[in-house]
Amino acid sequence: MAGLYISLVFVALIAGVVGCGDGVSEGESYTLIISSTSGGSVTTPGEGTFTYDEGTVVNLVAEAEQGYYFINWTGDVGTIGNVNNAATIITTNGDYEITANFGPAMVAAGGQHTVGLKTDGMVVAVGINDNGQCDVGDWRGINQIAAGGSHTVGVRRDGTVVAAGLNYDKQCLVDDWTRITEIAAGEAHTVGLKYDGTVIAIGLNDDKQCDVEFWINISQVAAGGYHTVGLRDDGSVVAVGLNGDDQCDVGGWGHITQVSAGGIHTVGLKDDGTVVAVGNTDHGKCDVSGWTGITQVSAGGIHTVGLKSDGTVVAVGLNDGGNLDVGDWTGIIQVAAGWGHTAGLKDDGTVLCVGCCPVRCSGVENWDLTP
């Protein structure tokens, strides 16, 4: 009996120990996945996958490259101190994935005006201002710009939109737009890409160029004279609007990484650095089949411009007043084709501009978009 008693006591003690162990809740660990878009990097704690105990406060520091600026943090940002600050904190109360977003200084070329976005989020413009399309001096916190026929549009860092210029077709009625990541401006319409990959458009719709309400899985938009083009996540392309010159015949395109819409033609950059184009071929503006090593394309009213990987530029089309005279450009990081002029952003933040009607370019030689 004594042996049985001792055994029962031992079992009871073991059960008690096990029970106490089950009752203790150890702190959980969570993963934090950090990435960045082109134009910068996350230097603290770095990029990749990290593991932290629950409740850990992690310092975040994002640094932009030359010619770029920090926009915001996106993803699982519920516990980030300030999503608009490059240096902030995040508290790990779950598994999170976040991205540091960067944007470049950029130029946009419209019908008869040129617009520049500075890395501090301010905007400058020169050219014909008969409809107030250059009245952008008070814009702040801008993330991206687009120049249309006679209007200018900007996306703020909070996803709202501002516009200036001709509003005859209501192309500037974008005050209520939210969660916009990119905008495009056509001759008389404005297109916005939303965070969820859907698209919104307003303005002249005589040719159904604003009929984009059913588009999904879009990663980039472009607005031409009277047509609209969307790049899907899978590299295919969709287009609506005026198609008199087959500028919307992009249904067979694939492996596209960027699209641009001109007056009556459409250009697509492929993932191998080659270029395709459809639409009006007058003056050879669609003669891009021999281009290689291209990193960005821009379709204008009468010409097409391509940025090469070495920072040089090529152009085809009608050379009206010198808009194709880009053969000696070097150190270019972005190009923009207007109706009859071409602008190029250099890696030092200065801007080059050539083309007909000098007023469209007058003054850009004094710009420094990376103050």
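A few notes on this one:
- Lysine pair count for the chain (Cα-Cα distance under 28 Å; residues 8 or more apart in sequence or on different chains): 16.
- Amide H contacts of residue 182 (H built 1.01 Å from N, under 5 Å, at least 5 apart or other chain): 193
- Using 0.36 nm per residue and subtracting the Cα-Cα separation, the extra length available between residue 95 and residue 214 on full extension is 39.5 nm.
- Take the Cβ atoms of residue 173 and residue 74, set R0 to 22 Å, and the FRET efficiency comes out at 0.25.
- Between amide H atoms placed 1.01 Å from N, distances below 5 Å from residue 93 occur with 55, all of them 5 or more places distant or on a separate chain.
- Beta bridges assigned by DSSP with both partners in the chain are antiparallel in approximately 95 percent of cases.
- Sequence-distant residues sharing a close amide H with residue 253 (under 5 Å, placed H): 237
- Protection proxy ranking, highest mean first, for peptides 99-105, 352-358: 99-105, 352-358, where packing is the per-residue count of other beta-carbon atoms within 10 Å, averaged.
- Label-to-label distance, nm, for residues given as residue 249 and residue 347 (7 Å Cα→Cβ offset): 4.0
- Within segment 29-102, the ratio Rg/Rh, alpha carbon atoms throughout and Rh by Kirkwood, equals 0.95.
- Whole-Å semi-axes of the ellipsoid equivalent to segment 308-371 (Cα gyration tensor, √5λ, descending): 18, 15, 7
- Fraction of alpha-carbon pairs over 16 Å apart in segment 65-124 - percent: 55
- A DSSP coil position with no more than 14 other Cβ atoms inside 10 Å describes the following GluC sites (Glu not before Pro) in segment 170-268: 213.
- In order through segment 133-150: 3J(HN,Hα) via Karplus (6.51 cos²θ - 1.76 cosθ + 1.60), integer Hz, x for Gly, Pro: 5, 9, 7, 10, x, 9, 6, 9, x, 8, 9, 7, 10, 8, 10, x, x, 9
- For segment 211-277, the alpha-carbon coordinates run over 29, 24, 17 Å along the three principal axes, in decreasing order.
- Using a Förster distance of 51 Å, the FRET efficiency for residue 129-residue 30 (Cβ separation, nearest 0.05): 0.45
- The chain: equivalent-ellipsoid semi-axes (sqrt of 5 x gyration tensor eigenvalues, Cα, Å): 51, 22, 20
- Pairwise Cα distances in segment 95-145 exceed 18 Å for 37 percent of all pairs.
A short reminder: the numbers here are calculations on the coordinates, not readings from a lab. Just so it is clear, the structure is predicted and the values come from calculations on it, not from any experiment. Neighbour counts are summed over all protein chains in view; Cβ atoms, including those assigned to glycine, are modelled from backbone coordinates with ideal geometry.
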